Amino acid sequence: MQRLFPSTPAAGTEEALTELEVEAAYAYPEPLDRPWLRVNFVSSLDGAVSAGDGRSRALSSPADRRILALLRDLSDVILVGAGTAITEGYQGVRPREVRANRRARLRLSPLPPIAVVTASGDIDPASPLIGQATAQTIVFTTSAAPWARRAALTEAGADVVVVGTDTVDLSELRAELDRRELRRICCEGGPRLLGSLIEADLVDELCLTMAPLLEGGAAPRISAAAPPVAPPRSMTLRSVLHADGQLFLRHVRDLD
């Protein structure tokens with residue numbers, strides 16, 4: 001993996017970055033005294049976030065999966081919409097030697113929990129994401145979600161948290177994560193959740209992998225199902241990495 005931006009005195013040598021240099025490129029701000037919400041997506045050149053089967057894996061690559069694992073390693077919690085969790089077959093984050101060593105060095109918990117956003121609470125309690133997760137899965141839902149569903153998820157091992165009446169209040173969700181000192185938030189989609197986060201002006205950072213593919217079709221873009229914000233939120237490019245023919249872009253929101 002090479003750095004294209006910001007350039008270095010040795011630019012043009014195309015020397016591979018070390019693991020620590022890649023980690024530094026994606027480090028969270030320090031000190032972190034408030035939640036920092038990072039979003040990570042992969043898309044085709046024409047903006048598709050999934051291939052013909054509705055999943056993102058066909059757009060990925062070994063380097064992209066390496067970045068995904070790194071971003072998980074650096075985070076306190078993984079945030080994901082229920083639709084994406086179901087479509088992509090989410091399970092709990094798995095322990096592995098590199099992850100354990102990195103998180104111990106950074107003084108993070110052994111594993112980041114996954115936090116699922118679902119207004120209806122419609123998640124199968126028998127899903128591996130609930131019953132087989134090493135770090136307890138958090139389910140953010142609403143008081144409108146049937147009580148029986150919430151009770152079944154709790155019984156299966158989930159930490160069910162109500163934040164909203166009919167829709168999940170994302171500001172309250174973030175505040176709840178802050179109360180738990182889970183401030184390094186990595187959101188992995190999907191488009192509806194990102195659209196809602198943009199509408200609520202909660203996105204601090206976007207990490208976007210650009211796959212060298214023209215997908216066509218009617219696949220959604222990375223954000224959807226929310227009205228446009230006016231004026232659009234301005235973001236600053238912080239880094240561009242390159243590997244496997246893909247570009248890895250990191251943008252951070254401009255200060256108000």
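The values are calculated or read from the model by the stated rules, or taken from the named source; none is laboratory data. Keep in mind that what you see is a predicted model, and the values were worked out from it rather than measured. Cβ placement follows ideal geometry from the backbone for every residue including glycine, while neighbour counts extend to all protein chains displayed. Heavy atoms of the whole protein, side chains included, go into the accessibility calculation; ligands, DNA and RNA do not. Shrake-Rupley method; radii C 1.70, N 1.55, O 1.52, S 1.80 Å.
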Is region 214-235 home to any residue that is modelled with pLDDT of 95 or more, within 29 Å of Gln2 (Cβ to Cβ), of a type in the set (Val, Ile, Thr) and crowded, with 16+ Cβ neighbours inside 10 Å?
-> no
Selection within region 112-131 - of a type in the set (Gly, Ala, Ser) and part of a loop (DSSP other than H, G, I, E, B) = Ala119, Ser120, Gly121, Ala126, Ser127
Taking region 86-111, which residues are more than 23 Å from Leu193 (Cβ to Cβ) and part of a helix (DSSP H, G or I)?
-> Glu97, Val98, Arg99, Ala100, Asn101, Arg102, Arg103, Ala104, Arg105
Yes or no: Leu79 part of a loop (DSSP other than H, G, I, E, B) and open to solvent by less than 30 Å² (accessible area, probe 1.4 Å)?
-> no
Does Arg180 satisfy the criteria of being surrounded by 18 or more Cβ atoms within 10 Å (Cβ to Cβ) and within 23 Å of Val93 (Cα to Cα)?
-> no
Inspect all residues belonging to region 132-148 and state whether any of them is buried (at least 19 other Cβ atoms within 10 Å of the Cβ) and in a helix (DSSP H, G or I).
-> no
From Glu88, Glu15, Glu19, residue being more than 18 Å from Asp204 (Cβ to Cβ), within 17 Å of the chain's Cα centre (by Cα), open to solvent by 10 Å² or more (accessible area, probe 1.4 Å) and modelled with pLDDT under 95 | Glu88
